[in-house]
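For reference, the structure discussed in these notes is given below.
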Amino acid sequence: MKNAVVLLSGGMDSATVLAMARAQGFSCYTLSVDYGQRHHAELAAAQRVAQTLGAHEHRVVKIDLTGFGGSSLTDNKIAVSQQPTEGIPLTYVPARNTIMLSLAMAWAEVLQSQDIFIGVNAVDYSGYPDCRPAYIEAFERMANLATKAAVEGHPLTVHAPLLHLSKAEIIQQGRELGVDFAQTVSCYQADESGRACGVCDSCRLRRAGFAAAGVDDPTRYRVA
């Protein structure tokens, strides 16, 4: 089996990507990042998902982005919006995906892996610039200029299998691959037990996705 590094946030998208990578025959090393986000419920969810879906190894790397702030997820003085937003939302974390992909790139090289999986999505992407196809393509090009492995003839591929799927399609794919979405946490401001707020952009996208897929939503919401 080939090794792959799978970025695992604990949300529904990354859980589905892990299941997809395993279905393709990869031995999956899952990586979560504790970057100072508002809650740790998603990190606990990532641990559960990694274990349930048979990750070979799961690691959490800590990097404190609260030192820079600039996002409602890393600065408590900026409130998470409870209304639908247009454009790039306040939950955008500067450089987050670049940092996470760089960490995955480093671990992949150590593991002699040529494959990284990430659950970015350009359909229901909420306005994040680092979830676009052009960004993923650019990072892959950079990675293959930056690593010893690529220079020696072992290039890296960044897989983003959800890039062009709707939330409903992601849910359908995940169900087919045995993902238990009740284990996942997508909310930007979940409480310590993992209950979702029900009003942030992520909760709205998640709830709408289950409705569009015709699937009962297993999410525990604080607000009905």
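What follows draws every value from the coordinates through simple rules; no lab data is involved. Computed from a predicted structure; not experimentally measured. Every residue, glycine as well, gets a Cβ built from its backbone with ideal geometry; the counts of neighbours run over all protein chains shown.
Does anyone have the angle between helix 12-23 and the longest principal axis of the chain? Alpha-carbon axes, 0 to 90°, nearest 10?
40
Would you work out which of Gly194, Leu101, His58 lies farthest towards the positive end of the dipole of the chain? Charges go on Cβ: Lys and Arg +1, Asp and Glu -1.
Comparing the listed Cα positions along the dipole, Gly194 ranks first.
So how strong a dipole does the chain carry about its Cα centre when Lys and Arg Cβ are +1 and Asp and Glu Cβ are -1, to the nearest 20 debye? Show your work: numbers first, answer last.
Numbers: 19 positive and 22 negative charges, 50 e Å.
Approximately 240 debye in magnitude.
Mind listing the long-range amide H neighbours of Asp34? Cut-off is under 5 Å, sequence gap 5 or more, other chains count too, H placed in the peptide plane at 1.01 Å from N.
For Asp34, whose amide H was placed from the backbone, the distant partners under 5 Å are Val61, Lys62, Ile63.
Principal axes first, then extents: for the Cα atoms of the stretch 3-181, list largest minus smallest coordinate on each axis, whole Å, largest first.
46, 36, 27
Using only helices, what value at 222 nm comes out for the chain when you add -39,500 (n - 2.57) per DSSP H run of length 4 or more and divide by the total residues, to the nearest 500 deg cm²/dmol? Walk me through the intermediate numbers first.
Numbers: 7 runs with 80 residues, N = 224.
When only DSSP H runs of four or more count, the value is -11000 deg cm²/dmol.
Would you please name the chymotrypsin sites (Phe, Trp or Tyr not before Pro) within the stretch 1-81 that are DSSP coil residues with at most 15 other C-beta atoms within 10 Å of their C-beta?
Loop-located and lightly packed - Phe68.
I'd like to compare 112-119, 169-176: which one has the highest average count of other Cβ atoms within 10 Å, and what's the full order after that?
Values: 112-119: 21.9, 169-176: 19.8.
Top of the packing list down: 112-119, 169-176.
For the peptides 161-168, 16-23, what is the packing order when you average, over each peptide's residues, the other Cβ atoms within 10 Å and list the highest mean first?
Values: 161-168: 18.9, 16-23: 23.9.
Top to bottom by mean Cβ count within 10 Å: 16-23, 161-168.
About the Cα centre of the stretch 138-224, what is the dipole size in debye to 20, counting +1 per Lys and Arg Cβ and -1 per Asp and Glu Cβ, all else neutral?
My answer is approximately 200 debye.
Please determine, in degrees from 0 to 90 and to the nearest 10, the orientation of helix 133-146 with respect to the longest principal axis defined by the Cα atoms of the chain, where the helix direction is its Cα long axis.
30
How do 145-157, 71-83 rank on mean C-beta neighbours within 10 Å, highest first? Kindly include the intermediate steps, with their values, before the conclusion.
Details: 145-157: 13.5, 71-83: 15.5.
With the highest mean Cβ count within 10 Å placed first, the list reads 71-83, 145-157.
If one computes the Cα centroid of the stretch 72-146 and of the stretch 177-224, what distance in Å separates the two points?
That distance is 21 Å.
How big, in percent, is the set of alpha carbon pairs in the stretch 1-101 lying more than 15 Å apart?
Details: 3197 of 5050 pairs.
Of all Cα-Cα pairs in the stretch 1-101, 63 percent lie more than 15 Å apart.
Compute the helix-to-body angle for 201-213: its Cα long axis versus the longest principal axis of the chain, expressed 0 to 90° and rounded to tens.
90
Might you report the magnitude of the Cβ-based charge dipole of the stretch 1-114 about its Cα centre, with Lys and Arg at +1 and Asp and Glu at -1, to the nearest 20 debye? Walk me through the numbers on the way to the answer.
Values: 8 positive and 8 negative charges, 37 e Å.
Its charge dipole is roughly 180 debye.
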